[in-house]
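The values are calculated or read from the model by the stated rules, or taken from the named source; none is laboratory data. Note that the structure is predicted; figures quoted are calculated from it, not measured. All Cβ positions, even for glycine, are placed from backbone atoms using ideal geometry, and neighbour counts span all protein chains on display. In case anyone asks, the SASA skips ligands and DNA or RNA and just uses the protein heavy atoms, side chains included. Shrake-Rupley method; radii C 1.70, N 1.55, O 1.52, S 1.80 Å.
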Amino acid sequence: MAGRAVWGGEARSAEIAGGCGAIIGDKSGTIDARANRCGAITQPARPIAKSYEPSVKLKTSNRKRETGPLKKVGLVRALSKLGYCSRSRAAELIAAGRVKLNGAVRRDPETPVHIGKDRIEIDGQPLEGSSKIYLALNKPRGVVTTAADERGRKTVYAYLPEGLPWIAPIGRLDKASEGLLLLTNDSEWAARITAPETHLDKTYHVQISAIADEALLQTLRNGIRASDGEFLRVKNVRMLRQGERHSWLEIVLDEGKNRHIRRMLEELKTEVLRLVRVAIGPLALGHLPKGATRALKHEEKQALDRAMRAPIREPAPLFQPQ
């Protein structure tokens, strides 16, 4: 895989902690990774991202929760949660007898594991949690959001810096769509980003082959019953600009269903010419070049976490590059 991590502004010096912290961008946002098994960054060839250790601990009034038994997860999920590989790849390793738990080979992917207490080995090497990585990619059009494609199409992994540990896209953008895509090896954080109950806004700029009027906008706001019976709605829509035969709309979703916007406009016999995701919650795509990646800044990660915790979210100001 080859790729460049680019973010506007002068490259700055950065440091990486020797342990397994989180990889979040410095002020310039640039990164380059040569990762060891733990995911720590070594041998930087270009400016890299500062490590980040969360300084705020969640408080709890239930002290039994702190001292109670550790929660168990299945072995296949443990490998994913520790950032080693995807669940499907973990299942393959377990079935091949390459994974040991506390010194014994385990072939059942659902073998219970205490993360942080039990010892996991892969091919005889102890497994430790990888650094937490949070990347933004400006996905180009024509690229698929998957690790491998059976039809040989180019995937988003072709645009990632070399040497990263396993990371996965958060949600999807279809092949014809472009714009902001997040990738991480923090599976719990990814699940919160995509969980329907978080209602995290996703903002899109959509070019359509029609002159949009208020009736079309109101129909989108009211919602549309798709041909398969599923009800689709947008949280908000407004006109951005018009040409002689086309319009640009800004559409905000707080739920993400397969080809959500395209299916709504198809029902209205309106062709989508371009579809660009420009923001996820308070995080804006900004001026990140097409096909480039960057590490999230500390404050951007915090802003996304706050947006997911907020029970009622008003439109938040978007982070723009300085």
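General remarks:
- Put simply, when 248-261, 294-307 are sorted by average Cβ atoms within 10 angstrom per residue, most first, you get 294-307, 248-261.
- Solvent-accessible heavy-atom area per residue, rounded to whole Å², over segment 121-198 at 1.4 Å: 40 Å²
- Compared with the direct C-alpha span, the chain from Ala148 to Glu250 gains 33.6 nm at full extension, assuming 0.36 nm per residue.
- Accessible carbon and sulfur surface of segment 128-267 relative to its total accessible area, %, 1.4 Å: 46 percent
- With each label modelled as a point 7 angstrom along the Cα→C-beta vector, the Glu214-Glu110 pair spans 5.7 nm.
- Reported to the nearest whole Å, the Cα centre-to-centre distance from segment 103-170 to segment 172-206 is 17.
- Taken one residue at a time, the phi angles of segment 143-155 give Karplus couplings (6.51, -1.76, 1.60, θ = phi - 60°) of 10, 9, 9, 7, 6, 8, 10, 5, 9, x, 6, 5, 10 Hz. Gly and Pro are set to x.
- Given Lys175/Lys235; Lys72/Lys301; Lys72/Lys117, the pairs whose alpha carbons are separated by over 22 Å: Lys175/Lys235; Lys72/Lys301
- Simple spin-label estimate for Glu188 and Lys257 gives 3.2 nm between the two label positions (7 Å along the Cα-to-Cβ direction from each Cα).
- Two-site FRET efficiency, Met239 against Gln302, from Cβ-Cβ distance with R₀ of 25 Å, rounded to 0.05: 0.15
- Counting every alpha-carbon pair across segment 210-253, the share separated by more than 15 Å comes to 46%.
- Euclidean distance between Cα centres, segment 217-282 to segment 73-97, Å: 37 Å
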